[in-house]
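Nothing in this text is a laboratory measurement; each read-out follows from the coordinates by a stated rule. None of these values were measured; they are calculated from a predicted model. Methodologically, a virtual Cβ is constructed for each residue, glycine included, from the backbone with ideal geometry; neighbour enumeration extends over all protein chains shown.
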Amino acid sequence: MGNPPPHNTTEGNNTIGIEVADSGTRLTAKHAASGTIHHRRLAAPPSPDEAIAALNDLLAEVIRDDAAAHPQPESLGVAVWGDVDPTRGVTRGMPHTEGWDNFPLAERLASRWQIPVFLSPAVAAAGLAEAISGAGQRHRVALYIHSGRTIASALIDEGVIFAGASGRAGKLAHWVVSPDGPRCACGQSGHLDPIASAQSIVRATIGLASGSDESTAAMLRVSGGRAEAMTVRQVVQLAEEGDPSARTVLERAWDALAVALVNLVAALDPDVIILGGPPAEAGDGFCQPLRDRLAILCGSWRPTPDLLSGTLGQRAALMGACLLPSHQRRHR
């Protein structure tokens, strides 16, 4: 097999990338040419019209500050931590707020600024950035897994995001790993999300540890007395120190993730799996047990793909937003 094709490892020079996060309350814009980043915080999840007004103000601020050195941007890339249809440029919904069903976000921004707008789920944008500029640079087909409040994935094939027929590809949260498993927020049982998302790992550890004075004390120690703010990295730390509650929760998560991943490997044939979100921050403490399980399940029928922690951290989705316009133009 030859070397992977070269990717464009730089963001579009005259693009502004936007990240819409935390139910629309956190807006971030970055001018790719200058690297200038601007932030806007809203007090409560906004209606679509309120979000558009805030985004237009934010974009005007970025353009004004960079006007001396850079011309008017030629395109916008928008990464949304919500349910979006990238083909139609609409949102299907935003967590914890209403009015976002079939909202033409790309069209509204394009009509205001008279430039093309490219919309993407934030996980897909983060996966694109990791594949092109992060951990997946030397690989041809990257499977990106983001574990946070929920679990989602993105397949990046030679720099192209695979979105599926309706933009819904990658809903890994609802992958069935154990029919008798815990109930998912969607109402079904056995899905990956309630076992292996970062949020579920932390919550399950807190719940299990509360039945043991020793585990509770250990949990409070590593979290600085704030168990509700505990992270996956701290759960891994507890497990490495021998805490049975943390170990039990992680064993279940690793087993479930490995089952999901080996089936994705069989179906999609990636040569690298990149883990993003809080579990990636735990490094090999989280990844190595998952690698070991994946290798056992792959067995002799195919080489185990590399499993790496993402390198871009919380910057990934915003960096990916800057890459969306050039990515779309090259591969349409």
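Here are the numbers for the structure shown:
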quantity	calculated
Residue among 108, 112, 149, 168 that is among the basic types (Lys, Arg) and touching a Ser or Thr at 6+ places or on another chain (Cβ under 7 Å)	149
Restricting region 144-163 to residues that are more than 29 Å from residue 229 (Cα to Cα) and out of contact with any Phe, Trp or Tyr (no Cβ under 7 Å at 6 or more places or on another chain), the residue that is surrounded by the most Cβ atoms within 10 Å (Cβ to Cβ)	161
Check on residue 306, touching a Pro at 6+ places or on another chain (Cβ under 8 Å) and of a type outside the set (S, T, N, Q)	no
Candidate set from region 218-234 (those that are of a type in the set (A, V, I, L, M) and surrounded by 11 or more Cβ atoms within 10 Å (Cβ to Cβ)); member that is nearest to residue 286 (Cα to Cα)	232
Count of residues meeting criterion [charged (D, E, K, R) and buried (at least 18 other Cβ atoms within 10 Å of the Cβ)] in region 25-49	1
Identity of the residue in region 120-150, of a type in the set (Ser, Thr, Tyr) and in a strand (DSSP E or B), that ends up nearest to residue 305 (Cα to Cα)	144
Exclusive hit being in contact (Cβ under 8 Å) with a residue 24 or more places away in the chain and not polar (S, T, N, Q), set 170, 187, 164	170
Test: residue in region 191-204 that is surrounded by fewer than 22 Cβ atoms within 10 Å (Cβ to Cβ) and part of a loop (DSSP other than H, G, I, E, B)	no
